[in-house]
Amino acid sequence: MAGSRGRLMFKRILIANRGEIAVRIIRACRDLGIESIAVYSDADRAALHVREADHAYPVGPAPAAESYLNTAKILEAAKSSRADAVHPGYGFFSERAAFARSVQRAGLTWIGPPAHAIERMGDKVEARKLMSAAGVPVVPGSPGTLETAAEVAAIAKKIGFPIMVKAAAGGGGKGLRFVENDKDLASVVRTVASEAKSSFGDGRFYVEKFLKQPRHIEVQVLADAHGNIVHVFERECSIQRRHQKVVEESPSPFITAKMRAEMGEVAVRAAKAVKYVSAGTIEFLVDAERNFYFLEMNTRIQVEHPVTELVTGVDLVRAQIEIAAGAKLPFKQKDLTQRGWAIECRIYAEDPAAGFVPAPGKIETLRFPDGPGVRNDAGVYAGAEVPVFYDPMISKLAVWGANREQAIDRMRRALGEFVISGDLRTNLDFHRWIMTHPGFLKGDFDTYFIDREYHPNQNGAAPRGAELAAIFLAAIAAQKNANHSNGAGAQPVAAPNASAWRAIGRFDILGR
């Protein structure tokens, strides 16, 4: 939306978030000549988003419920800073309709979708009903919410095992269980209802048919307040642990051009059905036969938005701000194209060998990768603390290449340059493992790829140091004579210009 700066009403935007997404929004504000207002808890007093913002206001103690999820404190900061608008980022208040309405009642602009859209798409059962009525394919399952194991058993008998029991207000992999048969059905139902109640304050649940070899592919949409809606193509999000994404890419190596167009059209139809405005994402499950089904809609900016920005050139965060300011989309669907390939790795302070449990702490040494095609959205710096109170994300490392092969080459190079040490653990070695796995290189994976392939404690500890370097080099050697392809199928990776001793030395340093 270049050229719309003169029309913008905003002088100051308060960012009701923290970490890398707060920094990302600050940068978008700076591009637009808008002052940024950060908020911070006691644990984040010295955080990067506080340092980067034009102004910063404290909002309470470290626990999120007393700070980043404290409506009164956030609105008090907005009033004190004379902010014009509030951007929620993702997580925290981003999908809470009550907060959106509170912002608007305070006379501020909400940079996000209408509260009614958040409500309707936040209830997974109601969203399924709405999408089905709009002609959007949904996964076979219960028509509404269920209350007992007997009801679940009746649906399972109709659609067949295996099934997924899901929280109606779920998200982030919580309130979600796989059920293979009726043996432990009652126990699973109790667990899902309890987890849903504690996590979302809503114990309702529903059932969906489990799709074999499912892929998780989502489509980005943008909609303005003037009735214009476009899709900004797809992201492949099937590499997940605990039902949470860790690697994303665009385009998807699985779908065809025809399917891409169909999924885009369906995503636009879904957004129109809920009268959507702002940036949003329609998430689909895709089976092995390439049938796709609506999963849910995320009514916010996505963590993985950088890969879409890299292949389309569309600044999605800037678009959110300009749409909220009343601007029209400056392009039509025919104007948008995908160029090249982008991959993102989510870098966390966590221990993959211990089941990906958070392992936060203080960062002592930090060197981010750089060079051609590399983008790093980070929320930390050397000397910063990754707090125990919040999501332990360190950064989102994204790369762009002319094709998937080059993108993987660049990601491996970038992961090799990434240096971090201190009183914490990271998943860097895990990502290096993914970038050498034959299944990933071929684009042959589904949402259970990590569960099936990653066994760090099998026959000893997870590969580290020289052992990881040997795996790395073996993968390169195996690909040297492969048939290179730039299409949507299998795409082997060319060997980078790195000697064995350099690779081993680098991984010895990083793998300690």
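The values are calculated or read from the model by the stated rules, or taken from the named source; none is laboratory data. Quick caveat, the model's predicted, so the values are computed rather than measured. Heads up, the Cβs are rebuilt from the backbone with ideal geometry, glycines too, and the neighbour counts pull from every protein chain shown.
Could you tell me which residue of region 208-267 is surrounded by the most Cβ atoms within 10 Å (Cβ to Cβ), considering only residues that are over 21 Å from Trp433 (Cα atoms) and among the small types (Gly, Ala, Ser)? That would be Ala267. Within region 244-267, the set of residues being closer than 19 Å to Cys345 by Cβ, outside any strand (DSSP E or B) and hydroxyl-bearing (Ser, Thr, Tyr) comprises just one member, Ser252. Within region 412-424, is there a residue that is of a type in the set (Phe, Trp, Tyr) and under 30 Å from Leu211 (Cα atoms)? No, because not a single residue in region 412-424 is of a type in the set (Phe, Trp, Tyr) and under 30 Å from Leu211 (Cα atoms). Candidates in region 77-126 are the residues that are part of a helix (DSSP H, G or I) and among the charged types (D, E, K, R); of these, the one that is farthest from Met297 (Cα to Cα) is Lys79. Take the residues in region 268-287 that are surrounded by fewer than 21 Cβ atoms within 10 Å (Cβ to Cβ) and not in a loop (DSSP other than H, G, I, E, B), then tell me which one is nearest to the chain's Cα centre (by Cα). Filtering first and then ranking leaves Glu283. Mind listing just one residue for me: the one in region 65-97 that is over 21 Å from Ser41 (Cβ atoms) and small (Gly, Ala, Ser) and, of those, surrounded by the most Cβ atoms within 10 Å (Cβ to Cβ)? Looking at the filtered set, the residue picked out is Ala85.
Being under 16 Å from His305 (Cβ atoms) and at pLDDT 95 or above is true of Arg24.
If you check Ala319, Ala359, Ala353 for being small (Gly, Ala, Ser) and either without any contact (Cβ under 8 Å) to a residue 60 or more places away in the chain or under 30 Å from Arg45 (Cβ atoms) (or both), only one passes: Ala359. Of everything listed in (1) in a loop (DSSP other than H, G, I, E, B); (2) on the phi < 0 side of the Ramachandran plot; (3) in contact with a strand residue (DSSP E or B) (Cβ under 9 Å, 6 or more places away or on another chain); (4) touching a residue at least 40 places away in the same chain (Cβ under 8 Å), the single unmet condition for Lys328 is (3).
Among the residues of region 323-332, the one identified as in contact with a Lys or Arg (Cβ under 8 Å, 6 or more places away or on another chain) and not hydrophobic (A, V, I, L, M, F, W, C) is Gly326. Mind listing whichever residues of region 323-381 are crowded, with 17+ Cβ neighbours inside 10 Å and among the basic types (Lys, Arg)? Scanning region 323-381 gives Arg346, Arg375.
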